Amino acid sequence: MSSAPQAGVGTYNPSVRIGNWNEDVSLEEDTIKDYLEQRSSGQLLVQKVHALSETILKPIELSKSPDGFLRHGDIVLLQHVATLKGLSAEVKPLDAYQSPCLQSPCNISAGDIMEPCARNAFVVMGCDERTPDGAHVVYNQPFYLRTLSGAGGELYLHSEAVTFQKCAKKSREQLVTLVKEPSVETRWKVLCFNPMERMESEGYPVKVNQPILINHCLTNKCLAFMEEFSFKTMFGREHEVVAKTMLDPHKAELPANHFRMTMHSVNDADVWKC
């Protein structure tokens, strides 16, 4: 028997539609339509990532100290001395893509990103109107640490006594967050790095780019870097930052409490790049 095709009988070719071809065409058209709508409204992931680089990751300029001392109104980075990791707002992916600025409440972490941006830069602010911008910050003087305006959201570094419901997720220590409104729980002060000189240093200006202790006024706990407690973020692996004073047998603070306020200084021009 001959297998040659008979005249008038159609054979299979790529243009033949089989199965639920109409449904497949409709689904493809809907997919293209959804893509075009998301692209026009800026909802594509690639567009959100690009927008992120133009908001909370946009580079900013730190303040410059003419004499090597910290002043009210200065824009600084908070850097852990031993690990060179910087204090940063812990941004969740959903919040980062949905909002152009940091949202309250926002947790704090320490990571490798040290390029100044809205996520890791803080403004040193006086706690009352009598403290003008440009005045020296002195040891044991209360102040606020506030994120920048715009993408920074103008949030204040905050902490309160640890409770069963309010504590750090991994270490269970006193939680440090960013909140919208200033209060007695957002007041901090600088303590001298050397405990033997702490009493004598009270009232003297604070030097920038030098090891210090950042103490929470209400609870008397120092800012602490928790090296053993880390977690993954959209910016890489970062570490918990809590309020906890850690002492050695000689009653001196451990390296976990050693920070520095980093900025440009004519006396120490290259330290901030560490």
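Data overview
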{"quantity": "Tally of residues being modelled with pLDDT of 75 or more and open to solvent by 100 Å² or more (accessible area, probe 1.4 Å) across the range 21-36", "calculated": "4"}
{"quantity": "Residues of the range 149-187 satisfying the condition of being among the aliphatic types (A, V, I, L, M), more than 18 Å from residue 220 (Cβ to Cβ) and either part of a helix (DSSP H, G or I) or open to solvent by 60 Å² or more (accessible area, probe 1.4 Å) (or both)", "calculated": "151"}
{"quantity": "Scope the range 199-213; condition over 17 Å from residue 67 (Cβ atoms), open to solvent by 40 Å² or more (accessible area, probe 1.4 Å) and under 30 Å from the mean Cα position of the chain (by Cα); matching residues", "calculated": "211"}
{"quantity": "Answer residue from the range 188-210, given it is assigned to a loop (DSSP other than H, G, I, E, B) and either touching a helix residue (DSSP H, G or I) at 6+ places or on another chain (Cβ under 6 Å) or farther than 18 Å from residue 143 by Cβ (or both) and is modelled with the highest pLDDT among those", "calculated": "209"}
{"quantity": "Residue check, residue 130 under 14 Å from the mean Cα position of the chain (by Cα) and in a loop (DSSP other than H, G, I, E, B)", "calculated": "no"}
{"quantity": "Residue tally, condition among the β-branched types (Val, Ile, Thr) and within 25 Å of residue 68 (Cα to Cα), over the range 152-198", "calculated": "1"}
{"quantity": "Residue in the range 221-233 that is buried (at least 16 other Cβ atoms within 10 Å of the Cβ) and assigned to a loop (DSSP other than H, G, I, E, B) present", "calculated": "no"}
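The values are calculated or read from the model by the stated rules, or taken from the named source; none is laboratory data. This is a predicted model, so every value here is computed, not measured. Positions of Cβ are backbone-derived with ideal geometry, glycine not excepted, and every protein chain shown enters the neighbour counts. These accessible areas exclude ligands, DNA and RNA; they are computed on the full protein's heavy atoms, side chains included. Shrake-Rupley method; radii C 1.70, N 1.55, O 1.52, S 1.80 Å.
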